[in-house]
Amino acid sequence: MIKRLDNIKLNINENEDKLVNVARKKLGGSLKYFKILKKSLDARDKNNLFWVYSIAFSDEEQERKSPPDKLKNAPPVVIIGGGPAGLFCAVRLIERGFKPIIIERGESVEKRRETITDFFSGGRLNVNSNVQFGEGGAGTFSDGKLNTQTRDGLNKDVLETFFRFGAPEEILYLNKPHIGSDNLFYVLQNIRKFVTENGGKYLFNTVFERFYTKNGRISSILVKNTVTGEEEEIFIENVVLALGHSARDTFKMLNNSGVAMQPRDFAIGVRIEHIAEEISRAQYGEKFRLLPTADYKFVSHAHERTVFTFCMCPGGVVIPSASEEGGVVTNGMSLYSRKGTNSNSALMVQMKAEDWGGGLFGGMEFQRKIENAAFVAGGSNYKAPVQLYGDFAKDRISSGFRSVVPTYSAGITFAPISEILPKVATDALKAAISDIDKRLKGFAADDAVLTAVESRFSSPVRILRDAETFESLSVKGLYPCGEGSGYSGGITSSAADGLKIAEIIYGKYRNFV
């Protein structure tokens, strides 16, 4: 029988081997099974920092989980999109006996990294393979943060699957797990190897052009290779739409084809950068060097519009993330070590339909307008507009940096952010930064750097699906899935939605195939 102990405290200097001794002492005999279930840092008292653990243990060997039941003659499934929703859907379908085809408009992660590195250093933007599009989706180059606010029972499966394909074991128990963009590079290749060795197939550099129906059910799709220009019709009855939040052309195609959709509220903002050590010192006190680089998460209601931090990257960098010509988009990225000089986070302002005038694609065009304004302000060459917080607060253009040097690699231009974002957003940001500073000393430092814009927080539309079958309300056999379809937000919840869709498809056929 497995026993569990919670609230075990270890000083930040103590070795985790002590946990094993605690388990042995509790059993009073041999220890044959031990596992850390949870690990979190208690930093409320900077003079008394400690780790808090939950552990499971037993004096009996534990049986391994049985593999999922497989269908003997599973029908084909096409998955549009190779981000976390699509990939985890593919993995679970293979475990259930299917041989999915993944349609991905971007490149494999190896080629994608080369393409993105070239863009980061001033090269040409590839509109089909960039930070938003390509194997692994947008999360590939944003640290691989796996913390989520959802309570989905499949979240544990997501973490275990990532570990199985090469992610660090600690993601299974850390309170705020992350893989690191450097580790994700190899994890994605391991997933691809598993998919292809078990009969699945990837079509990279391939765009989903349109679909055809028969009697209200999908019958085939048309795809096009972006390199050769060749088109191919794939006859298929099950299509998973794991598009990601930036597939604007595909959203319009689906709408023109009669797929039921609705607009969604979203958020826009900037990236804010500080010196990583200063954030760690403010969070942990003078013992900060004994701990991992500090993160933070805040919500501010100092203004009528809610402002919140998002995708915080300790020891990370701000990266160019455009996917359309004529627009500047930012994101944040950290490697596994999180040892960079700066820390950054998105600082987001909740927008409402009244800000863009409504309409199904009004929000999407609003995003595009702001991205274009940032592009022009930066010099129309993908340089990002930046402003020191002290200057932003006093409505003046910055002229130089102090201790914080921006990490956006494609170049920067001093520009007033108030001319890029709507007034309601800049007013909210000013109020929020000052408010957050009351909880995190130094957050409102004059030399903190704001980089514009962060606009791809979430999809501005939702593709409607049935609550029971998870199929599109308009087309049978079409399964909206993940962040791009409006049903998740982040890597873990998107991957969990992919697993869910896979099980729905399996359940549809298990009694008939």
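The values are calculated or read from the model by the stated rules, or taken from the named source; none is laboratory data. What you see is a predicted model, and the numbers here were worked out from it, not measured in a lab. Here the Cβ is made from the backbone with ideal geometry for all residues, glycine too, and neighbour counts use every protein chain on show.
Suppose we filter Ser458, Ser485 for residues that are touching a residue at least 12 places away in the same chain (Cβ under 8 Å) and more than 30 Å from Pro416 (Cα to Cα); which single one remains?
After applying the criteria, what remains is Ser485.
So that you can scan it fast, the table gives a plain yes or no per residue for (1) in contact with a Pro (Cβ under 6 Å, 6 or more places away or on another chain); (2) charged (D, E, K, R):
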position	(1), (2)
Arg338	yes, yes
Leu347	no, no
Ser398	no, no
Arg402	no, yes
Pro406	no, no
Phe414	no, no
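Name the residues in the stretch 456-487 that are among the polar types (S, T, N, Q) and crowded, with 21+ Cβ neighbours inside 10 Å, would you?
Selection gives Ser459, Ser472, Ser485.
In the stretch 350-390, which residues are in contact with a strand residue (DSSP E or B) (Cβ under 9 Å, 6 or more places away or on another chain) and under 30 Å from Phe288 (Cβ atoms)?
Across the stretch 350-390, the qualifying residues are Ala384, Val386, Gln387, Leu388, Tyr389.
From the set of residues in the stretch 431-455 that are in contact (Cβ under 8 Å) with a residue 60 or more places away in the chain and assigned to a helix (DSSP H, G or I), which is surrounded by the most Cβ atoms within 10 Å (Cβ to Cβ)?
Once the filter is applied, the top-ranked residue is Ala432.
For the list (1) under 27 Å from Ser280 (Cα atoms); (2) of a type outside the set (Val, Ile, Thr); (3) out of contact with any Leu (no Cβ under 6 Å at 6 or more places or on another chain), I need the number of the one condition that Phe392 fails.
Evaluating Phe392 over (1) under 27 Å from Ser280 (Cα atoms); (2) of a type outside the set (Val, Ile, Thr); (3) out of contact with any Leu (no Cβ under 6 Å at 6 or more places or on another chain) leaves (3) as the failure.
Among the strands (runs of 3 or more DSSP E) lying completely within the stretch 188-259, list those that include at least 1 residues that are more than 27 Å from the chain's Cα centre (by Cα) and surrounded by 15 or more Cβ atoms within 10 Å (Cβ to Cβ).
Qualifying strands (runs of 3 or more DSSP E): 206-214, 217-225, 231-235.
Quick check on the stretch 317-326. Is at least one of its residues in contact with a strand residue (DSSP E or B) (Cβ under 6 Å, 6 or more places away or on another chain), of a type outside the set (A, V, I, L, M), surrounded by 16 or more Cβ atoms within 10 Å (Cβ to Cβ) and at pLDDT 95 or above?
Checking the stretch 317-326: at least one residue is in contact with a strand residue (DSSP E or B) (Cβ under 6 Å, 6 or more places away or on another chain), of a type outside the set (A, V, I, L, M), surrounded by 16 or more Cβ atoms within 10 Å (Cβ to Cβ) and at pLDDT 95 or above.
Please give the number of the condition Ser343 fails out of (1) touching a residue at least 24 places away in the same chain (Cβ under 8 Å); (2) assigned to a loop (DSSP other than H, G, I, E, B).
(2)
Filter the stretch 293-312 down to the residues that are crowded, with 16+ Cβ neighbours inside 10 Å and either hydroxyl-bearing (Ser, Thr, Tyr) or over 16 Å from Ile275 (Cβ atoms) (or both) and list them by number.
Within the stretch 293-312, Thr293, Tyr296, Phe298, Ser300, Ala302, His303, Arg305, Val307, Phe308, Thr309, Phe310, Cys311 meet the criteria.
The conditions are (1) in a strand (DSSP E or B); (2) assigned by TED's automatic domain parsing to the domain that holds Ile505, and Gly82 fails exactly one of them. Which is it?
Exception for Gly82: condition (1).
Listed here are the residues, each with its yes/no results for (1) surrounded by fewer than 22 Cβ atoms within 10 Å (Cβ to Cβ); (2) within 17 Å of Ile179 (Cβ to Cβ).
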residue	(1), (2)
Phe98	no, no
Phe120	yes, no
Asn128	yes, no
Asp143	no, yes
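Limited to the stretch 488-513, what total is found for residues that are β-branched (Val, Ile, Thr) and crowded, with 21+ Cβ neighbours inside 10 Å? Give the derivation first.
Let us first name the residues in the stretch 488-513 that are β-branched (Val, Ile, Thr), namely 491-492, 501, 504-505, 513.
Next, only the ones that are crowded, with 21+ Cβ neighbours inside 10 Å stay: 491-492, 501, 505.
Total meeting the criteria: 4.
Hey, could you check the stretch 461-474 for residues that are part of a strand (DSSP E or B) and either touching a residue at least 60 places away in the same chain (Cβ under 8 Å) or under 30 Å from Met312 (Cα atoms) (or both) and say which is farthest from the chain's Cα centre (by Cα)?
The selected residue is Ser472.
Answer yes or no as to whether Val405 is of a type in the set (Val, Ile, Thr) and part of a strand (DSSP E or B). Before the answer, list the steps.
Working: of a type in the set (Val, Ile, Thr): yes; part of a strand (DSSP E or B): no.
So Val405 does not fit the description; no.
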